[in-house]
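The values are calculated or read from the model by the stated rules, or taken from the named source; none is laboratory data. Keep in mind the model is a prediction, meaning the values are calculated, not measured. All Cβ positions, even for glycine, are placed from backbone atoms using ideal geometry, and neighbour counts span all protein chains on display.
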Amino acid sequence: MMSGRAAALLFVSLVAAAGPAAGAEIAPHRALYSMRLGKVRSGSSVIDAHGAMEYEWGETCSGWTIEQRYRLRMRYAESPDAEIQSNFVTWESKDGQRYRFNDKEMRNGKVTQDLRGTARLDGPGKGGVALFSQPRPHARKLPAGVLFPSAHTILLIDAARRGRHFVVRKVFDGSADEGATEVSAVIGPKLAPDPAQEKLSPLLRRPGWNLRLAFFPADSNAEEPDYELGMQLLDNGVSQAMVIDYGEYVIDAKLDDIEPLPKPHC
């Protein structure tokens, strides 16, 4: 099942020990993606999947907002179909030090996850704490150097612009009842704007990179990632395409429509 973390890490960041990122100029936008089953590996019980995802990355004077909603229908060989819905909403301060999250997921109309809370860091490059209010009040310690998701994506863009090809960071987004997750990113060569995509929106007339992100569980001794996310990320924060690899099967997300959102007058 697709998690809020997989979608949200389309999604976004700060350099851990500094102020706002120097190179990335993020374009607030709303994008619509169609989702379908891609590769299926031997032994998988999944025989079909299709759905849609709406992703919105907004900007306020003090922070970034993300709202991601998707609906995905899964078909299985030996069990009933399942309709999965998710609504993931976050706010992150532009200095990367404060964060709010709300992740609600449903399966066949029944709530399977409802996570809410806030997080803060003790300073640039330092650790902090995540305070969950749902499903029960509790705290999770966050390690030094951890990033929130908007800060992480901006960091990846800046790393790509500088020619780096491998970045490993701890990331906390609140889409799971655990602490920070280790994310290993492999960054490919710089890509020129795609003429076929440019016709869809001026937002796509930007260079970008193919990225492959592996998400490891909070247990740092794990040898295999929980899942992997491939994306074509442009230098303005727009993702042209995504591939979410769960091992047994792959979900492809294709960009169908995109529109700019207004920037705040601060």
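List every residue pair whose Cβ atoms lie under 8 Å apart, where the two residues are 6 or more positions apart in sequence or sit on different chains, the first residue falls within the stretch 95-113 and is more than 23 Å from Ala180 (Cα to Cα), and the second residue, located anywhere, is of a type in the set (D, E, K, R).
Arg107/Glu83; Asn108/Glu83; Gly109/Glu83; Val111/Lys104; Val111/Glu105
If a residue counts only when it is in contact with a Leu (Cβ under 8 Å, 6 or more places away or on another chain) and under 24 Å from Phe172 (Cβ atoms), which strands (runs of 3 or more DSSP E) contained entirely in the stretch 202-266 have at least 2 such residues?
208-216, 227-234, 239-245
Give the stretch 213-242 a look and list any residue that's within 15 Å of Thr153 (Cβ to Cβ) and not polar (S, T, N, Q), or say none.
Correct list: Leu213, Phe215, Leu229, Gly230, Met231, Leu233, Leu234, Asp235, Gly237, Val238, Met242.
For Lys190, which of the numbered conditions (1) surrounded by 21 or more Cβ atoms within 10 Å (Cβ to Cβ); (2) assigned to a strand (DSSP E or B); (3) among the charged types (D, E, K, R) fails to hold?
(1)
Is there any pair linking a residue in the stretch 192-204 that is more than 14 Å from His29 (Cβ to Cβ) to one that is of a type in the set (A, V, I, L, M, F, W, C) and not in a loop (DSSP other than H, G, I, E, B), with Cβ under 6 Å and at least six apart or on different chains, and which?
Glu198/Leu204
Could you tell me whether Leu234 is at pLDDT 95 or above and farther than 20 Å from Thr181 by Cβ?
yes
Please give the number of the condition Pro124 fails out of (1) at pLDDT 95 or above; (2) of a type outside the set (D, E, K, R); (3) closer than 30 Å to Cys61 by Cα.
(1)
For the stretch 103-124, which positions are exposed (fewer than 15 other Cβ atoms within 10 Å of the Cβ), more than 21 Å from the chain's Cα centre (by Cα) and not polar (S, T, N, Q)?
Gly109, Lys110, Val111, Asp122, Gly123
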